[in-house]
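Participant: Mind having a look at this structure? Questions to follow.
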Amino acid sequence: MNTFHYGAGAENVLQMFERETEGNYLFLGKSGLKKADFAREQIRRNLQVEKLAFCPDYYEVSEEGSVIGVDGITDISSFTKTFPSCGKMKYCLIPYAQRLTPAASNALLKMIEESKNVVFVFTASRKLLNTVMSRVRVIRCEPLTKGEFFELYPDADETIRRFVCGRSGAYEKIMADEKLKVAAERLVNGIDDLKNSRDFLEIFSQVKEKDPNSFFELGSEFVSLSLEYLSEQIMLHMCGEQKTLPYSVGECWTLMGELNGAMFQLERGKYGKNDFFALVRKLVG
């Protein structure tokens, strides 16, 4: 898994994870970093199996749906009540754990406290509830640097590289989907060529409430990446390094707050098309 970049001190925690005896873990970092893929590979190695799909000592919560409620974790309870078949421990992986509702998090806490032979592994783009954070060891995951990115992808598309900002998983996903690639290029090039704020209507012209191919229908992860890219461009504009955005410093601060709030709600499944349309209208001014 050479597309994964640790944060400071994370390697020591990962070594604990590999020893199976050090509690529960959270792979924490931005979306598009292959956190779940990396966690699966470490779990597979610990269990010493060729594939996790048929291993009775492994359970993974489905990635489907915008939130993970109590119903989404009920099957974990029966999994935790059986003894390991292959080794000392069993593993439960919960990807995109920032989608856990408070009720689901509280139900999980009870399972964690009562399960002595199950290692719970979370991946998330944001910190979880404090009660959950106090029961995990954090492995911080960072995007690749520009040099690392080009070492891994020597023929990388520069526009898409700028858009994903070092996230290898997001890069591979976008390059494999022509619709996502075109949308990312449109956003990056559109911001580079902005003449006035109304140009955002052109950039987001696919945003139509009843259009099945609207920008928002490209997926919440892609929309989140788009909002984050725009947020980074606004920050560069405030520092004088980005020249095309047509906003004053005060307007930039207001939009930054809007964008951060949108990304926060989007990751928790509480951000819909109407919210996105309202944001686009604020961009236009």
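Participant: Among residues other than T80 whose Cβ falls under 11 Å from its Cβ, what is the net charge (Lys/Arg +1, Asp/Glu -1)?
Facilitator: It works out to a net charge of +1.
Participant: Nearest 10 degrees is fine. How inclined is helix 178-192 to the longest principal axis of the chain, computing both from alpha carbons?
Facilitator: Between the helix axis and the principal axis of the chain, the angle is about 50 degrees.
Participant: Further question on the same structure: Show me, for the range 83-92, the HN-Hα J-couplings you get by feeding each phi into the Karplus relation (A = 6.51, B = -1.76, C = 1.60, θ = phi - 60°), rounded to Hz, glycine and proline as x.
Facilitator: 7, x, 9, 9, x, 7, 10, 10, 10, 10
Participant: Express as a percent, rounded to the nearest 5, the fraction of DSSP beta bridges in the chain (both residues included) that run antiparallel.
Facilitator: Of those bridges, close to 10 percent are antiparallel.
Participant: Describe numerically, in nm with one decimal, the distance between label points set 7 Å from Cα along Cα→Cβ at K270 and at K195.
Facilitator: 4.1
Participant: Now a separate question. Using the Karplus equation 6.51 cos²θ - 1.76 cosθ + 1.60 (θ = phi - 60°), what ³J(HN,Hα) coupling, rounded to whole Hz, does each residue of the range 49-54 give in order, writing x for Gly and Pro?
Facilitator: 10, 6, 9, 7, 4, 10
Participant: Normalised by the number of residues in the range 129-285, what is the relative contact order in percent for Cα pairs under 8 Å and 6+ residues apart? Working shown, then result.
Facilitator: Working: 124 pairs, mean separation 33.5, N = 157.
Relative CO of the range 129-285 lands at 21 percent.
Participant: Continuing with the same structure: Longer than 27 Å from Cα to Cα, which of K35/K195; K127/K243; K34/K81; K35/K270; K173/K270; K34/K127 are they? Say none if no pair is.
Facilitator: Violating the 27 Å limit, Cα to Cα: K35/K195; K127/K243; K34/K81.
Participant: Quick check for you: with a 1.4 Å probe and neighbouring chains kept, what is the accessible area per residue of the chain, in Å²?
Facilitator: Averaged over the residues of the chain, the accessible area is 49 Å².
Participant: Show me, for the range 146-154, the HN-Hα J-couplings you get by feeding each phi into the Karplus relation (A = 6.51, B = -1.76, C = 1.60, θ = phi - 60°), rounded to Hz, glycine and proline as x.
Facilitator: Values per residue, Gly and Pro as x: 4, x, 5, 5, 6, 5, 7, 10, x Hz.
Participant: Okay, moving on. How big is the charge dipole of the chain about its Cα centre, in debye rounded to the nearest 20, if each Lys and Arg gets +1 on its Cβ and each Asp and Glu gets -1 on its Cβ?
Facilitator: 720
Participant: How large is log10 I(q)/I(0) at q = 0.10 Å⁻¹ when the Debye formula is applied to the Cα atoms of the range 7-146, each weighted equally and without solvent?
Facilitator: Here log10 of I(q) over I(0) equals -0.30.
Participant: How big is the chain on each of its three principal axes, counting only the C-alpha atoms and giving the largest first in Å?
Facilitator: 63, 41, 33
Participant: Pairs of Cα atoms under 8 Å, at least six residues apart: use those to get the relative contact order of the range 88-159, whole percent. Each step should come with its number before you reach the end.
Facilitator: Working: 47 pairs, mean separation 25.7, N = 72.
Value for the range 88-159: 36 percent.
Participant: Please build a GNM for the chain, connecting alpha carbons under 10 Å apart, and tell me which residue among T254, T159, T123 fluctuates the most.
Facilitator: Fluctuation is largest for T254.
Participant: Another one. Over the Cα atoms of the range 132-285, what is the Rg over Rh ratio if Rh follows Kirkwood?
Facilitator: Taking Rh as the inverse mean 1/r over Cα pairs, Rg/Rh reads 0.97.
Participant: Would you grab the residues whose amide H sits under 5 Å from the one on C141? Only those 5+ places off in sequence or on another chain, please, with H modelled 1.01 Å from N.
Facilitator: So C141 has HN proximity to G7, L28, G29.
Participant: Considering only protein heavy atoms and a 1.4 Å probe, what is the carbon-and-sulfur percentage of the accessible area of the chain?
Facilitator: Details: 7090 of 14080 Å².
Ligands and nucleic acids excluded, carbon and sulfur reach 50 percent.
The values are calculated or read from the model by the stated rules, or taken from the named source; none is laboratory data. As the structure is a prediction and not an experimental result, all values here were calculated from the model. Counting neighbours? That spans all protein chains shown, and the Cβs are built from the backbone with ideal geometry, glycine included. Surface accessibility is based on the protein's heavy atoms, side chains included, excluding ligands, DNA and RNA. Shrake-Rupley method; radii C 1.70, N 1.55, O 1.52, S 1.80 Å.
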